[in-house]
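The values are calculated or read from the model by the stated rules, or taken from the named source; none is laboratory data. Quick caveat, the model's predicted, so the values are computed rather than measured. Neighbour counts run over all protein chains shown; Cβ positions are idealised from the backbone, glycine included. The accessibility values were calculated without ligands, DNA or RNA, using every heavy atom of the protein model including side chains. Shrake-Rupley method; radii C 1.70, N 1.55, O 1.52, S 1.80 Å.
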Amino acid sequence: MFHLQTLITYDYQLYLMNNDRLMNDIRLIVTDMDGTFLNSEHQVSPEFPEIYEELKRRNILFVPASGRQMSGIKKYFGEKEKEMAFIAENGGYMIYKNKEIFADELNEQYVAEIIQTIRKIPGATTVISGKKTAYYETENQSFVDYIAQFYTGNQKLDDLTVALDDSIFKIAVYHPDGSEEHLYPALEKFQKYNLEVVVSGKFWLDIMNKDINKGNALEKLQKTLNISPQQTMVFGDYMNDIEMMKKAEYSYAMQNAHPSVKEAAKFEALSNNNFGVLDTIKNYLNAN
């Protein structure tokens, strides 16, 4: 018996009544992490364990989907990780029940040129995300301490332009004054090399192989598990979440989301600091 109680808004209640068949058949819930599932202190709601158990009882798979390194996502879920699916590296790496479903490898042909371009952007710092670990070349210890919460495995190199003995998923770039304004204008040109250049957060931009995104990863997972978009609910807050909005009948932008994400989503959830993901899930569980 599910005991968590929450107020269901009138509009949402009407929507559930009009879409009862579909909403009764949700089998997959996918959520971004930073700015979405986690609050601004990078914390998980204390209600999550109880809600997760109810989702499991109802055969609904809960899937975190993030630009983070795989280990940087899994650390939040403890023993539950063994039964979950995870989409990491903005769709470049995906596992289900600790078995690899998909792993991309970045085309390294232009890596040196990209790194050299980033070095010319004042204030920009680079992290190369690999399957074994993440790599950086900065001497700024404050930045290294900061990225450790996202990249739990990391290693300093003298030169990131040197070929690495690792499968590289993406190049992540940080700018303290904003990625959309200070990084994207200088780096969007690399899209001509068949690469994705996407603003993934207020301070982050990611460069990956073409067609690597959370949406395509979600579609692979849906096909693997024989789950349709009509049985899928997703949550996100930034531009790297837009593609997965298109793969779900029930797409939610957070109250704190970028305007373009709100435009792409069908619904809006409370902010991440109000744990809007779990609030919406509770509404659904209580209504069904």
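Counting pairs of alpha carbon atoms under 8 Å apart in space and at least six apart in sequence, what relative contact order in percent does the chain give?
Normalised by residue count, the contact order of the chain is 21 percent.
Once amide H atoms are placed 1.01 Å from N in the peptide plane, what residues at a sequence separation of 5 or more from Gln155, or on another chain, have their amide H within under 5 Å of its amide H?
So Gln155 has HN proximity to Ala134, Tyr135, Tyr136.
What are the membrane-span-like helices in the chain by this rule: whole DSSP H runs, Cα extent along the axis at least 20 Å, mean Kyte-Doolittle hydropathy at least 1.0? Spell out each step's value before the answer.
Values: long enough: none.
Span-like helices here: none at all.
Once R0 is set to 22 Å, what does the formula 1/(1 + (r/R0)^6) return for the Cβ-Cβ distance between Thr117 and Gln149, expressed as a FRET efficiency to the nearest 0.05?
Working: r = 27 Å, r/R0 = 1.21.
With R0 = 22 Å, the Cβ-Cβ based efficiency is 0.25.
Looking at the chain, identify the longest residue range that excludes and avoids all GluC sites (Glu not before Pro) in DSSP loops having at most 15 other Cβ atoms within 10 Å.
With GluC sites (Glu not before Pro) excluded where exposed in loops, the chain gives 140-288 as its longest stretch.
Give the accessible surface of the chain per residue, rounded to a whole number of Å², with probe radius 1.4 Å and ligands, DNA and RNA excluded.
I get 45 Å² per residue for this part.
Using a Cα-Cα cut-off of under 18 Å, which lysines could be cross-linked to Lys132, ignoring same-chain neighbours fewer than 8 residues away?
Lys74, Lys75, Lys99, Lys156, Lys170
Is it possible to state the helix-based mean residue ellipticity at 222 nm for the chain, with each DSSP H run of 4+ residues giving -39500 (n - 2.57), the sum divided by total residues, to the nearest 500 deg cm²/dmol? What is it?
-7500 deg cm²/dmol
How much length is gained on full extension from Lys99 to Asp25, taking 0.36 nm per residue of separation minus their Cα-Cα distance?
24.1 nm
Can you give me the three principal axis dimensions of the chain from its C-alpha atoms, in Å, biggest first?
Principal extents (Cα only, largest first): 57, 36, 33 Å.
Applying 1/(1 + (r/R0)^6) with R0 = 41 Å to the Cβ-Cβ distance of Leu157 and Asn59, what FRET efficiency is obtained, to the nearest 0.05?
It comes out at approximately 0.35.
Taking every alpha carbon pair in segment 193-288, what does the distance histogram look like in 5 angstrom bins from 0, in percent?
3, 14, 21, 22, 20, 13, 5, 2, 1, 0
I'd like the antiparallel share, as a percent to the nearest 5, of DSSP beta bridges with both residues in the chain. Spell out each step's value before the answer.
On the way: 26 of 45 bridges.
If I count the DSSP bridges inside the chain, around 60 percent turn out antiparallel.
Per residue of segment 227-233, what does 6.51 cos²θ - 1.76 cosθ + 1.60 with θ = phi - 60° give for ³J(HN,Hα)? Whole Hz please, x for Gly and Pro, Karplus curve as stated.
Going residue by residue, I get 10, 8, x, 5, 9, 10, 10 Hz, with x marking Gly and Pro.
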